[in-house]
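Only one structure is covered here, and it is reproduced in the block below.
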Amino acid sequence: MDQNQGERKPRVVLIPCPFQGHINPMLQLGAALHSKGYSITIVHTQYNSPNPSRHPEFDFQSIQDGLAEDVIDSGNLLEIITGLNIKCKHPFQECLEQIVLRRGQVTCVIYDDLMYFAEAAANNLELPSIILRTINAATFASRLAIMHLVEEGRFPFQDSALGEPVPDLPLLRFKDLPVSKYNAQDKFLKLIAEACHTRTSSAVVWNTIDCLEQPLLAQLQKQCPVPIFPIGPMHKYAPPSSSSSLLKEDTNCISWLNKQPEKSVLYVSFGSVVSIQETEIAEMARGLANSEQKFLWVIRPGSILGSEWIELLPKGFLETVGQRGCIVKWAPQKQVLAHAAVGGFLTHCGWNSTLESIAEGVPMICRPNFGDQLVNARYISHVWGIGLQLESKLDGEEVARAVRRIMVDEKGEEIRVRAKSFKKKIELGMGRGGSSYNALNKLLEFMSF
Ligand SMILES: O=c1ccn([C@@H]2O[C@H](COP(=O)(O)OP(=O)(O)O[C@H]3O[C@H](CO)[C@@H](O)[C@H](O)[C@H]3O)[C@@H](O)[C@H]2O)c(=O)[nH]1
């Protein structure tokens, strides 16, 4: 790009939270703004830093995150995010000062709601800031409901309440609420309070879409002091082949998919952070084998703590499934879900995976693990009706039944048809005059400050 011409463009500084499920939507937002004439600077931590060579259109700036090795090694998300918010504020402010000095005026700072330290740094330089929410409105409302339960002295709640509906959110049961998986409730409650707070930020950009959550978004807008812009699904703003993966994608699985009949393959993946119990791997494998369906299974390195996954598979599994299955360490997921051969998705229900699946009309089998995944699974299975949830202890027979139902059984036809209809709704929402299309235009107008 012509340097001088580049300098004349208004600049937005984006600060993603350094996890795959957060980096992706932030960089996709960057792609949307870049296509509308903005120069983009991505300020990222050393920990899990994105690969700049995959995004030559952006400027990348690294800040020291001060995370101790033992905190990183623990993989404790609560500790890592809390640590980043303590350690990154000053490095970010210094970085922002340098950007303004070298690159000229910055239009605004957009930060992931978990990177709330960014707001103070933007304020100190008198720059407007905008929040990006990478979870959906239902999860946000669930966090508000949890805080409400705390105020009423009803949190942590009793086991006997788990199956009951949440008073503020009757579509969810207590067991669907996105509580912490760590034994540090105070830290967790502080983090969600910070993440839900708009502070002095000027607006909220949301990776969701009206056709999935309009009534809730309207209700949240009434309670929110600043405008909300639901412009998702954001992966639609980046080309299908573009990727901000931290792990290397194995594209051989696309060649394998190319050889499979239409809608014949179940895609199995649990995102970038979920760990799988050793016992669950064997049950999952048993289910996949007994379902007699084709499958593409992502087994991420390190996702099965302390074990080599291959040792956990039932004896003879690989021989039995033979050409019927393909196992990779990391897949180009957007391309996989958009592939004609894929007919179903066994997922942990991370919000990006959920949106990527809905946007391609792929029905889901939900196996949520923690946090917002529980909310998403309930919405997929019981609100939108585009999937099934595996709720009890994982059992191979149940997995096989669910796989057959979602892929081929007559009983699953309604779910398949509904999933397909959601693809259409997303296309309408993203197309000219659609809700997300309009919200993006309103955001751009708003950003002229
Ligand atoms: O083999 C793979 C597997 C995943 N992905 C991508 O990785 C992202 C994963 O994101 P997500 O599905 O949201 O899952 P997590 O990585 O688990 O994301 C975290 O962040 C999300 C956004 O806040 C939350 O919804 C999740 O619960 C939380 O675990 C998606 O864009 C996928 O396309 C790949 O590219 N290849």
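For this structure, a couple of remarks:
- Tally of residues being assigned to a loop (DSSP other than H, G, I, E, B) and more than 16 Å from the ligand (Cβ to nearest atom) across segment 385-421: 9
- Selected residue [under 25 Å from Pro261 (Cβ atoms) and touching a residue at least 12 places away in the same chain (Cβ under 8 Å)] from Val403, Val375, Val383: Val403
- Qualifying residue in segment 338-353 (condition: in contact with a Cys (Cβ under 6 Å, 6 or more places away or on another chain), at positive phi and crowded, with 24+ Cβ neighbours inside 10 Å): yes
- In segment 237-278, the residues that are open to solvent by 10 Å² or more (accessible area, probe 1.4 Å) and among the aliphatic types (A, V, I, L, M): Ala238, Leu246, Leu247, Ile254, Val273, Ile276
- Leu374 being open to solvent by 30 Å² or more (accessible area, probe 1.4 Å) and assigned to a helix (DSSP H, G or I): yes
- Meets criteria (part of a loop (DSSP other than H, G, I, E, B), among the polar types (S, T, N, Q), surrounded by fewer than 23 Cβ atoms within 10 Å (Cβ to Cβ) and away from the ligand (no atom under 14 Å from the Cβ)) for Ser307: yes
- Residue in segment 354-368 that is over 24 Å from Trp256 (Cα atoms), in a loop (DSSP other than H, G, I, E, B) and open to solvent by 10 Å² or more (accessible area, probe 1.4 Å) present: yes
- Residues of segment 435-449 satisfying the condition of being in a loop (DSSP other than H, G, I, E, B) and open to solvent by 10 Å² or more (accessible area, probe 1.4 Å): Ser448, Phe449
- From the options Ile72, Ile86, residue that is away from the ligand (no atom under 16 Å from the Cβ), over 25 Å from Ser243 (Cα atoms) and not hydroxyl-bearing (Ser, Thr, Tyr): Ile86
- Within segment 325-346, the residues that satisfy the criterion of being more than 12 Å from the ligand (Cβ to nearest atom) and closer than 17 Å to Pro240 by Cβ are His339, Ala340, Ala341, Val342.
- Leu191 vs. criteria away from the ligand (no atom under 15 Å from the Cβ), of a type outside the set (Ser, Thr, Tyr) and over 30 Å from Pro332 (Cα atoms): no
- If the condition is being surrounded by fewer than 18 Cβ atoms within 10 Å (Cβ to Cβ) and polar (S, T, N, Q), then segment 86-101 contributes only Gln98.
- Test result for Gln323, within 12 Å of Cys253 (Cβ to Cβ), of a type outside the set (A, V, I, L, M, F, W, C) and either in a helix (DSSP H, G or I) or modelled with pLDDT of 95 or more (or both): no
- Within segment 207-229, residues that are assigned by TED's automatic domain parsing to the domain that holds Leu27 and part of a loop (DSSP other than H, G, I, E, B) reach partners that are open to solvent by 50 Å² or more (accessible area, probe 1.4 Å) and modelled with pLDDT of 95 or more with beta carbons closer than 8 Å, at six or more positions or on different chains, in the pairs Pro227/Gln221; Pro227/Lys442; Pro227/Phe446.
- Matching residues, segment 128-150, being surrounded by fewer than 20 Cβ atoms within 10 Å (Cβ to Cβ) and more than 16 Å from Leu177 (Cα to Cα): Pro128
The values are calculated or read from the model by the stated rules, or taken from the named source; none is laboratory data. Owing to the predicted nature of the structure, the values given are computational and were not obtained by experimental measurement. Cβ coordinates were reconstructed from backbone atoms using ideal geometry, including for glycine residues, and neighbour counts include every protein chain displayed. SASA here: full protein model, heavy atoms, side chains in, ligands and nucleic acids out. Shrake-Rupley method; radii C 1.70, N 1.55, O 1.52, S 1.80 Å.
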